[in-house]
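Novice: Once you've had a glance at the structure underneath, I'll fire off some questions.
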Amino acid sequence: MVFFTKFGLLGKNLSKYDKDWPATFEADPNSKGAKAVEAYLIENFIKPASNAGSVTDKLSAKRARFEKVGLERTISGEFKTDYAEFNGVSMTGEWSLTKGADPTKRILYIHGGAFTVGSAISHRAITSNLSEKTGCSVFAPNYRLMPENSRMASVRDCQAAYQWILENGPQGPSPVNKLAIAGDSAGGNLTLVMAQWARDNQVKPADAIIGISALTDSTYGSPSIKRNFESDLMLKPLVAPMIKIPRPVLAWLVFQKLKIRPSNPVISPLHGDLSNLPPTLLHASTSEMIYDDSVRFVAKMQAQGGDATLQSWSHMCHVWHIFDDMLPEAHQALDEIASFLKTHGVGR
């Protein structure tokens, strides 16, 4: 363990930021919506993981399932494809625009999907709701995914998208008035990484930061990973192969695959300097495996003098916000985000 710590794979012991905060909102695990989501997760995450097939075939099928959800849903608002380009880095993306959306108030939304799946289309349920509830123009970039690309490719793409949205809106080139950055899961990780990157590189800071079920610690040091393994049906298939591997060995394997130390703040924002960051709101479920990633991040940011808030829900799945057609708690959470953004001048 000393070797891994000295080599920087695990980073500093962050257990002092463990907190036992009660859930902000209590949800009913036996509600009709909760049971519907549970059935969906079993059918679309648990069962496919146990099916025969190569890793490549399973990944392709998972990407198709994610895309299908966005394409088949009837979602209000306008979706406009755009092309983000900055400093030689380019990608497609999509604006979500409610009627009358303010083109100068923008949200850069970074989708989740374990850095391997997902797109602007797959996360329309969240981006459309954010636009409708805030009156902002919401842009979701299609950053490069693993394993075809490196983990750093997603970071570089999000940096480019960040700088692009400062000078470009849904109607073309124009400076931003108010900006928020938001993201879920892997996208939450990239969101928090972008906040630190902007501060350290004299890039215009966002007015507010939102992390939904965000991965903050790529050393996988949060106690909730094992504590909530059985209750997290979405992440369980992904984490199952790793759960029995000793953490130092797992950190070494991550380093070998990514060629980046797991404790490096560029992939583990929890291990970075959390001072002088924009007002930050994190959402997490007390039942998900990376719940303590949010707890620790907020506790550390507060300890370093930052404006950080954690809102948690009991008995919700990872990124429950995307199940707005099943869960009233999804709308409750999105309303809380809209209220937070309004407080900081980003919403209406």
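Novice: Past the 19 Å Cα-Cα mark, which pairs from Lys58/Lys226; Lys19/Lys300; Lys35/Lys226; Lys133/Lys178; Lys133/Lys204; Lys62/Lys244?
Specialist: Checking Cα-Cα distances, Lys58/Lys226; Lys35/Lys226; Lys133/Lys204; Lys62/Lys244 exceed 19 Å.
Novice: Next up: How many nm is it between the label spots at Thr74 and Val266, if each spot is 7 Å from the Cα in line with the beta carbon?
Specialist: It works out to 4.7 nm between the two label points.
Novice: Give me the one-decimal nm value for the distance between modelled label points at Ser54 and Lys244, 7 Å along each residue's Cα-to-Cβ direction.
Specialist: Placing both labels 7 Å along Cα→Cβ, they lie 2.6 nm apart.
Novice: Compare the peptides 173-180, 269-276 by average per-residue count of other Cβ atoms within 10 angstrom and give them in order, highest first.
Specialist: Peptide ranking by packing, descending: 269-276, 173-180.
Novice: Going by average Cβ neighbours within 10 Å, how do the peptides 32-38, 205-211 rank, with the highest at the top?
Specialist: Put in order of decreasing packing, that is 205-211, 32-38.
Novice: Taking a label point 7 Å from the Cα of Tyr40 along the Cα→Cβ vector, which residues of the stretch 297-330 have an amide N closer than 13 Å to it?
Specialist: 317-330
Novice: Could you check which residue among Asp292, Asp57, Asp307 shows the biggest mean-square fluctuation in a GNM of the chain with a 10 Å Cα cutoff?
Specialist: In the Gaussian network model the winner is Asp57.
Novice: Note down the nm distance, to one decimal, between modelled labels 7 Å out along Cα→Cβ at Thr343 and at Ser174.
Specialist: Going from the Thr343 label point to the Ser174 one covers 2.9 nm.
Novice: Something else: Just subtract the alpha-carbon distance of Glu167 and Thr24 from 0.36 nm times their residue separation and send over the number in nm, one decimal.
Specialist: Using 0.36 nm per residue and subtracting the Cα-Cα distance, I get 47.8 nm.
Novice: Assuming a viscosity of 1.306 mPa s and a temperature of 10 °C, what translational diffusion coefficient in µm² per second does Stokes-Einstein assign to the chain, Rh being the Kirkwood radius over Cα pairs? Don't jump to the answer; show the numbers that get you there.
Specialist: Working: Rh = 20.1 Å.
The Stokes-Einstein estimate is 79 µm²/s.
Novice: Could you give the length gained on full extension between Lys259 and Thr104, defined as 0.36 nm per residue of separation minus the Cα-Cα distance, in nm?
Specialist: Numbers: separation 155, 0.36 × 155 = 55.80 nm, distance 3.85 nm.
Taking 0.36 nm per residue and subtracting the Cα distance, the gain is 51.9 nm.
Novice: Here's something else I'd like to know. Could you give the distance between the Cα centres of the stretch 33-80 and the stretch 207-286, to the whole Å?
Specialist: Cα centroid to Cα centroid, the span is 22 Å.
Novice: Provide the net charge surrounding Leu250, with neighbours chosen by a C-beta distance below 14 Å and charges set as Lys +1, Arg +1, Asp -1, Glu -1.
Specialist: Around Leu250, the charge tally is +4.
Novice: Still on this model: Sorting check: for 104-116, 234-246, which peptide has the highest mean count of neighbouring beta carbons within 10 Å, and how do the rest follow?
Specialist: Highest mean packing first, the order is 104-116, 234-246.
Novice: If you rank Thr134, Thr24, Thr81 by fewest surrounding Cβ atoms within 10 Å, what's the result?
Specialist: Working: Thr134 26, Thr24 16, Thr81 11.
Ordered by Cβ neighbours within 10 Å, fewest first: Thr81, Thr24, Thr134.
No lab work stands behind these numbers, since they all come straight from the coordinates. Because the structure is a prediction, the values reported are computed rather than measured. Glycine also receives a Cβ, built like all others from the backbone with ideal geometry; neighbour counts cover every protein chain displayed.
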